[in-house]
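These notes concern the structure reproduced below.
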Amino acid sequence: MYKGSKLYSIFRFKCPRCHEGDFFTHPSVYRWKNSNELLPECPKCGLNYQPETGFYFGASYVSYAITVALAVAVTVMLLPFVSWRNEVIYISAIAGTIFITLPLSIRLSRIIWLNLFIRYKTPEQRKKEGGF
Ligand SMILES: [Zn+2]
């Protein structure tokens, strides 16, 4: 992952425009209280993280895609070891995986959603536009 790629911003939870400022108030994913709290804006470039009211409702589509991908992955991993007749094992494994990865999934879906609309800009590009 190099600076300037979407994956850099997504997996390091950094600002999609400058890739330097933090996106969430706390770096820890598994902090149950305020785990998904966003900063109001990027501390480095000033990008508004909440462009409009309800902006992150769209992140639920991304979260759904992540959840389905997880369910498919768990199913494929269990197939060689567990018979299809043991559906309780499949459902338990999928539900457990989704529950354990829920905080990470919520964070990823939000930053992926914002990355769909914001492009990376180098410091020179930001200076030309009169930003920070
Ligand atoms: Zn920024």
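Quick notes on this one:
- Enumerated helices (runs of 4 or more DSSP H) restricted to the range 34-132, each holding at least 2 residues that are open to solvent by less than 40 Å² (accessible area, probe 1.4 Å) and either basic (Lys, Arg) or more than 18 Å from LEU7 (Cα to Cα) (or both): 59-78, 87-115
- Residue satisfying condition, being at pLDDT below 95 and closer than 18 Å to VAL29 by Cα, within set LEU102, LEU47, LEU108, LEU79: LEU102
- Note on the range 9-19: residues that are out of contact with any Lys or Arg (no Cβ under 7 Å at 6 or more places or on another chain), within 15 Å of the ligand (Cβ to nearest atom) and open to solvent by 30 Å² or more (accessible area, probe 1.4 Å) amount to 2.
- If the condition is being farther than 19 Å from SER109 by Cβ and within 14 Å of the ligand (Cβ to nearest atom), then the range 20-39 contributes GLU20, GLY21.
The values are calculated or read from the model by the stated rules, or taken from the named source; none is laboratory data. In this text the structure is predicted, and so the values were computed from the model without any measurement. Neighbour counts run over all protein chains shown; Cβ positions are idealised from the backbone, glycine included. Please note that ligands, DNA and RNA were not included when accessible areas were found on the heavy atoms of the full protein model with its side chains. Shrake-Rupley method; radii C 1.70, N 1.55, O 1.52, S 1.80 Å.
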